[in-house]
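The values are calculated or read from the model by the stated rules, or taken from the named source; none is laboratory data. Here the structure is a predicted model, which means the values were calculated and not measured. Counting neighbours? That spans all protein chains shown, and the Cβs are built from the backbone with ideal geometry, glycine included. Surface areas here come from the heavy atoms of the whole protein model, side chains and all, with no ligands, DNA or RNA. Shrake-Rupley method; radii C 1.70, N 1.55, O 1.52, S 1.80 Å.
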Amino acid sequence: MGHAAMRSANMSLLLRVLRSRGGSSRAALAQETGLSKAAVTTLVGELAERGLVQEGRVERRGTVGRPGTEVRLDGRRVAGVGVELNVDYLAVCLRDLAGEVRFTSSIPMPSQAGPGPDGARSHPPALVIDRAARQVQEALDVAAAESLWIAGITVAPPGPIDYAASTVRFASTLGWEAVPLGEELARRLGPDHPELALENDAKLSALAEAPRLAQRGIEDLVYLTGDNGVGAGIIAEGRLIRGWSGFSGEVGHIGVEPGGEPCRCGRRGCWETLVGLDRVLAVLDPQDPALSALVPMQERLARLRTLLEEGDPRLLQRFSALAEDLVRGAGVLMDVLNPRALVLGGYFGYFADVLVGPVQAALDARLLADGGRVEVSGSSHGLFAAAVGGAAVAVERVLENPMLAPTVPR
Ligand SMILES: [Zn+2]
């Protein structure tokens, strides 16, 4: 390892210790990392020049002598951007190194009316990517106004990704196939845009949720995200599972009902034909505002909640069937993956208060032995978890290599 690489690795080590431990004295940092005190002093100085740590005096109660100096992570200068492309909305999140969300926005997914009186709306890639670029630019402008340096942008489409080519292999809910999303978005953002990467929406949501569970020692989880489609983000033994070609977690097309309803993928009886949001919406009157793709997603879900709380019999019946239908697919995933946690996200997460109990009970009822129990919970990052996860993944680049961050002018 060269000198610069060694220095960067040691700076990264210090940042990670500070992130997990909070403030620390230089002596404690030296002890924890095995670096000499002199090395810690030099490296902390360099991290401070890049605005990644700050040093402050702390009064130690009950001790005699001069106050100590504490080194702390400075999360306020570096941030990442996450963008989620969902069939129902476009969401962007600007989140800093300290984990604070500095800006967020969402709009209904841009779409075109199809031909004919009841033509389905379509989502041409050029239309969607134009609008996504404007939304990212808005977040970048906020960052610039707040003197935040952007470590990277992560874009989350709802389908498997060809990572090498930065393309979306397919996204059945959007009707996309082999869309060069990375290149097209980069071109619209211009030559000076921050580093841009793609990651699947369910995988990012799982990464966003992982730290909450890791605090309790849980390293195996499945995150289920529900909209019209269903995707899973799988973290096994602490690592995100992508599969050899990025197709891991495309669970919406697991066959659960032979000869069932036709699916947009061309097969029949796929899991998402039973648990997709469109199946819930289908019980409403065609004119119900919850069905309109032009209404923001939160308002559509709030409308569903109101109807449910008013005791709408069609929705009561659908939600009671939904818990059972969720378990038909989730049970298979539990048997294959043996996770300790199952997190419900997307619209499943929005209705966590209604779904977690019955799903937990039904999964418990089919247990082979107590040791295989999974704990069901709702997503803690809400509807836009993939955008939050995207921002968090983007900012990780700086923890990996702190020398990417520019020095802060004094
Ligand atoms: Zn299918």
- Task: Name the helices (runs of 4 or more DSSP H) wholly inside segment 291-401 in which the number of residues that are polar (S, T, N, Q) and in contact (Cβ under 8 Å) with a residue 40 or more places away in the chain is 3 or more.
- Result: none
- Please determine, by comparing only the residues of segment 280-290 that are part of a helix (DSSP H, G or I) and under 27 Å from GLY331 (Cβ atoms), which one is least open to solvent (accessible area, probe 1.4 Å). VAL280
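Report yes if ARG264 is within 27 Å of ALA178 (Cα to Cα) and at pLDDT below 95, otherwise no. Spell out how you get there, then give the answer.
Numbers: within 27 Å of ALA178 (Cα to Cα): yes; at pLDDT below 95: yes.
Yes.
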- Message: Yes or no: segment 297-305 includes at least one residue that is surrounded by 17 or more Cβ atoms within 10 Å (Cβ to Cβ) and within 16 Å of the ligand (Cβ to nearest atom).
- Response: no
- Query: For ALA144, which of the numbered conditions (1) outside any strand (DSSP E or B); (2) open to solvent by less than 40 Å² (accessible area, probe 1.4 Å); (3) hydrophobic (A, V, I, L, M, F, W, C) fails to hold?
  - Reply: (2)
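Taking the condition over 24 Å from the mean Cα position of the chain (by Cα), of a type in the set (A, V, I, L, M, F, W, C), assigned by TED's automatic domain parsing to the domain that holds VAL354 and farther than 28 Å from GLN112 by Cβ, does VAL222 pass?
Criteria not met by VAL222.
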- In segment 160-188, residue farthest from VAL230 (Cα to Cα) [restricted to those that are open to solvent by less than 20 Å² (accessible area, probe 1.4 Å) and away from the ligand (no atom under 16 Å from the Cβ)]: LEU185
- Query: Which condition number does SER111 fail, the rest of (1) more than 30 Å from THR407 (Cβ to Cβ); (2) modelled with pLDDT of 95 or more being met?
  - Reply: (2)
- Query: What number of residues within segment 268-296 satisfy the criterion of being over 24 Å from the mean Cα position of the chain (by Cα), small (Gly, Ala, Ser) and within 16 Å of the ligand (Cβ to nearest atom)?
  - Reply: 1
- Message: Every residue in segment 324-351 that is open to solvent by 10 Å² or more (accessible area, probe 1.4 Å) and of a type in the set (A, V, I, L, M), please.
- Response: VAL327, VAL332, LEU333, MET334, VAL336, LEU337
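Is there a residue in segment 154-175 that is in a loop (DSSP other than H, G, I, E, B) and of a type in the set (Phe, Trp, Tyr)?
To start, the set of residues in segment 154-175 that are in a loop (DSSP other than H, G, I, E, B) comprises 157-160, 163-166, 172-175.
So of that shortlist, the ones also of a type in the set (Phe, Trp, Tyr) come out as 163.
Within segment 154-175, one or more residues are in a loop (DSSP other than H, G, I, E, B) and of a type in the set (Phe, Trp, Tyr).
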- Item | Members of segment 256-267 that are on the phi < 0 side of the Ramachandran plot and near the ligand (Cβ under 8 Å from one of its atoms) | CYS263, ARG264, CYS265, ARG267
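Scan segment 26-47 residue by residue and report those that are among the small types (Gly, Ala, Ser) and buried (at least 16 other Cβ atoms within 10 Å of the Cβ).
Selection gives ALA28, ALA30, ALA39.
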- Query: Are any residues in segment 171-219 under 19 Å from the mean Cα position of the chain (by Cα) and without any contact (Cβ under 8 Å) to a residue 12 or more places away in the chain, and if so, which ones?
  - Reply: PRO211, GLN215
- Query: Residues that are under 23 Å from the mean Cα position of the chain (by Cα) and over 26 Å from TRP149 (Cβ atoms): which strands (runs of 3 or more DSSP E) entirely in segment 1-108 hold 1 or more of them?
  - Reply: 89-96, 101-108
- When restricted to ARG121, ARG134, the only residue outside the structural domain of ILE234 (by TED's automatic domain parsing), basic (Lys, Arg) and touching a Gly at 6+ places or on another chain (Cβ under 7 Å) is ARG121
- So which residues in segment 228-255 are within 15 Å of the ligand (Cβ to nearest atom) and of a type outside the set (Asp, Glu), if there are any at all? ASN228, GLY229, VAL230, GLY231, ALA232, PHE247, GLY249, VAL251, GLY252, HIS253, ILE254, GLY255
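What do you reckon, is VAL136 open to solvent by less than 10 Å² (accessible area, probe 1.4 Å) and in contact with an Asp or Glu (Cβ under 8 Å, 6 or more places away or on another chain)? Break it down stepwise before answering.
Values: open to solvent by less than 10 Å² (accessible area, probe 1.4 Å): yes; in contact with an Asp or Glu (Cβ under 8 Å, 6 or more places away or on another chain): no.
Answer is no for this residue.
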